[in-house]
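The values are calculated or read from the model by the stated rules, or taken from the named source; none is laboratory data. Being a predicted model, the structure only gives us computed values, none of them experimental. Counting neighbours? That spans all protein chains shown, and the Cβs are built from the backbone with ideal geometry, glycine included. Side chains are part of the model used for accessible areas, which takes the heavy atoms of the whole protein and leaves out ligands, DNA and RNA. Shrake-Rupley method; radii C 1.70, N 1.55, O 1.52, S 1.80 Å.
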Amino acid sequence: MGIYEELGVPRVINAMGTYTIYGGSKMSRQTIQDMGDAASSFIDLDLLQKKAGEAIARLTKNEAAYICNGAAAGIYLGLLAAVALHRGKKIRYLTRQDFRCSEVIVFRSHRSPYDIVLEQLGVPVVELAYSNHTLISPEEDIEAVISDRTAAIYFLESGWVAPGAPSLKLTASVAKKHRIPVILDAAAMLPPADNLWNFTKAGASLAVFSGGKDLCGPQASGLIVGQKGLIGLLLESAFPKHGYGRFLKVGKEEIVGLYSALCQYLSADLGSRIQDAESQVASACQLLNGHPCYLAARSYPNEAGQPIPRVLVTVCHVQMDEHKILKYLSALTPPVIAAAAGKQSFYLNPMTLTKAEMEWVCHQLLQFPFPQQ
Ligand SMILES: *Cc1c(COP(=O)(O)O)cnc(C)c1O
């Protein structure tokens, strides 16, 4: 009996993708072994954070890197460092007043369920533009909300961002002119691995990635890459130091696990991975399209904007909809988790499935007891 069985938590087949609530991603044997090795010794945690950061910075062509306990935490820490820079103080000398009299600019089209962390320091959020609207003169519009209180601009890179939002390049160039850091939430923007340096090259002062999504690091890990000045402030004052970042604990296991996973990620062959995903999608389409009640098609890119195809399955039956099918899948043993797509449809995402799992899921779908039409 495994540990999940002992606890009564069924293992699920994840056809949804790198979703935190279903475990994010799975770690490789190598990463698990490296974390086990890390767990079995005492070390100087400060030194480990510094050395792992230096190694990751070299590997990702960035000035500096900092390992934290998730991308959401990374955004919080990025803003913390930006406020310190803005107020000309070390993080540990910041007062509540320093946060209250700083501001962070956020495009309305970039609002997401994760950005609440921006408000947790007490820094007022200044919203800009509309949720789905092309700016008439983006540069002027951004400058109109910049003031001497502006500590940072938050920027979201994601498949969900409305098409009218200004580009990172333009935003970064305006920010640079006013010497304001851009904190980029790129939590789910892997693959491709080049994004680990492309966003900072395009002008983000800090780019934040989740360690528990496609990087396949520890689920409770995150990575901040970017400017030495900002990351230096974190190294000096954030966890394991006491103070504002102390509650965002990242252990020796996570630091080593993220480093190990990142090394493997950089040497992995994305082309062959995409080919595997394409072949899963093609065979799923073929299987499901043989059934009169399913219409299956390749959909690209996926919801996070990742360059991996998925299967969009439409249920063609008057008495059935996608929710009934998803309910059936989740009641199987093992349960299958897939994402609804609206309009009678749902997705099957090969990103978190093996070939055998995708086939098994398709065969289960073919066995769904559709009533006679
Ligand atoms: C997943 C995600 C996060 C949070 O990442 P964690 O590592 O789970 O904290 C933040 N922003 C976006 C856009 C995400 O997709």
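Structure values in brief
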quantity	calculated
The stretch 359-364 - phi-based ³J(HN,Hα) in whole Hz, Karplus 6.51/-1.76/1.60, Gly and Pro as x	5, 4, 4, 4, 5, 5
Sparse-neighbourhood loop sites, chymotrypsin sites (Phe, Trp or Tyr not before Pro) in the stretch 222-300 - DSSP loop, at most 12 other Cβ within 10 angstrom	Phe247
Surrounding net charge for Gly24, when Lys and Arg each add one and Asp and Glu each subtract one, Cβ distance under 12 Å	+1
In the stretch 228-331, lysine pairs closer than 29 Å at Cα, eight or more apart or cross-chain	5
Percent of beta bridges antiparallel (DSSP, the chain, rounded to nearest 5)	60 percent
Accessible surface of the stretch 20-166 [probe 1.4 Å, protein heavy atoms]: carbon and sulfur percent	53 percent
Volume of the Cα convex hull of the stretch 149-270, divided per residue and given in Å³	125 Å³
Charged-residue dipole, Cβ positions (Lys, Arg, Asp, Glu), the stretch 1-116 about Cα centre, Debye nearest 20	520 debye
Summed side-chain charge close to Ser260 - residues other than Ser260 whose Cβ falls under 10 Å, Lys, Arg +1, Asp, Glu -1	-2
Å² per residue, accessible surface of the chain at 1.4 Å	47 Å²
Along each principal axis, Cα extent of the chain, largest first, Å	71, 57, 35
By average C-beta atoms within 10 angstrom, highest first, the peptides 152-160, 14-22, 300-308, 62-70	62-70, 152-160, 14-22, 300-308
Hull-based mean projected area of the stretch 231-373, where the convex hull spans the alpha carbons, in square nanometres	12.0 nm²
Reachable lysines, given that their alpha-carbon falls under 17 Å from the alpha-carbon of Lys26 and they are not under 8 places away in the same chain	Lys213, Lys355
Heavy-atom accessible surface of the stretch 291-373: percent carbon and sulfur, 1.4 Å	58 percent
Of the trypsin sites (Lys or Arg not before Pro) in the stretch 169-243, those whose Cβ has at most 10 other Cβ within 10 Å and which sit in DSSP loop	Arg179
Eligible aspartates and glutamates near Lys343 by straight Cα distance, threshold 19 Å, same-chain separation 8 or greater	Glu303, Asp321, Glu322
Most to least packed among 204-212, 89-97 [average Cβ atoms within 10 Å]	204-212, 89-97
Residues whose placed amide H lies under 5 Å from that of Ile153, excluding near-sequence neighbours	Ile105, Val182, Ile183
Net charge of neighbours whose Cβ lies under 12 Å from the Cβ of Ala65, counting Lys and Arg as +1 and Asp and Glu as -1	+3
Reachable aspartates and glutamates, given that their alpha-carbon falls under 13 Å from the alpha-carbon of Lys169 and they are not under 8 places away in the same chain	Glu139, Glu157
Rounded to the nearest 20 debye, dipole of the stretch 254-369 from Cβ charges on Lys, Arg, Asp, Glu	280 debye
Qualifying trypsin sites (Lys or Arg not before Pro) in the stretch 31-82, DSSP loop, other Cβ atoms within 10 Å at most 15	Lys61
